[in-house]
Amino acid sequence: MVRMSAEERRESVILAATAEFARGGYHGTSTEAIAKRVGVSQPYLFRLFPGKKAIFLAAAERCLEDTVRTFSEAAEGLEGEEALHAMANAYTQVIAERPERLMMQMQMYLAVAAAEQEGDEEFGEAVRAGWMRLWDTVHLPLGADVNETTTFMAYGMLVNCLVAMGFPPGHRVWEGLYPSARSKGRLEI
């Protein structure tokens, strides 16, 4: 049996944590559940990460970076409306195929609000920095137009909410969205 390096194990923890946090949120997910999913002990988990918050922030960072990569790869060499539809299509495909990404995003936003209510600004700073990378990634292909970028991101957040609430494709709530932003399936995690 080949042993995993610490970096490979760390990667497996991030993937497991994403799935667990996506389902249970920050407060509803135990480090025990993450360790069990990975197949390591909790003490080993804490050799890789200093605590639950660090694990959550690593999963949040990965989720945001994956979304940045999705947008940037989709928009490569495109501008304006072509870029907009390519990014929207790529994103709706990702959340249909990898629903834990969408749910992790939703959990990130909730965790920021809860943490800041408790006086913890670190969650918000990290998540907002990642979200601004998303913004910047779509801003240039959309002609560096603030209104276009705002509209794209607003549609994306609406898509996130509608999919998370389980509105099926073809439901009337999707009619006002451009076709590439419409849901491609039900969320199942």
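Tabulated data for the structure shown
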{"item": "Sum of side-chain charges, residue 125 neighbourhood, beta-carbon under 15 Å (Lys, Arg +1; Asp, Glu -1)", "result": "-3"}
{"item": "Furthest towards positive pole of dipole, 162, 140, 74, structure part the chain, Cβ charges", "result": "162"}
{"item": "³J(HN,Hα) computed for each position of the stretch 3-13 - Karplus, 6.51 cos²θ - 1.76 cosθ + 1.60, integer Hz, glycine/proline x", "result": "7, 7, 6, 4, 5, 5, 5, 4, 4, 5, 5"}
{"item": "Protection proxy ranking, peptides 53-66, 129-142, average beta carbon neighbours within 10 Å, highest first", "result": "53-66, 129-142"}
{"item": "Dimensionless Rg/Rh of the chain - Kirkwood Rh, Rg from C-alpha atoms", "result": "1.00"}
{"item": "Ordering of 84-91, 168-175, 24-31 by packing [mean C-beta count within 10 Å, highest first]", "result": "84-91, 24-31, 168-175"}
{"item": "Where the chain is the region considered: accessible area per residue in Å², 1.4 Å probe", "result": "53"}
{"item": "The chain, accessible surface, carbon-and-sulfur percent (1.4 angstrom probe)", "result": "53"}
{"item": "Listed residues 13, 146, 94, most fluctuating in the chain (Gaussian network, C-alpha, under 10 Å)", "result": "146"}
{"item": "Cα long-axis angle, helix 122-139 against the chain (0 to 90 degrees, to the nearest 10)", "result": "30"}
{"item": "Rule-of-thumb Rg ratio for the stretch 82-189 [Cα; 2.2 N^0.38 Å; N residues]", "result": "1.12"}
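The values are calculated or read from the model by the stated rules, or taken from the named source; none is laboratory data. Quick caveat, the model's predicted, so the values are computed rather than measured. Don't worry about glycine lacking a Cβ; one is built from the backbone with ideal geometry, like all the others, and counts go over all protein chains shown. Calculation scope for accessible area: heavy atoms of the full protein, side chains included, ligands and nucleic acids excluded. Shrake-Rupley method; radii C 1.70, N 1.55, O 1.52, S 1.80 Å.
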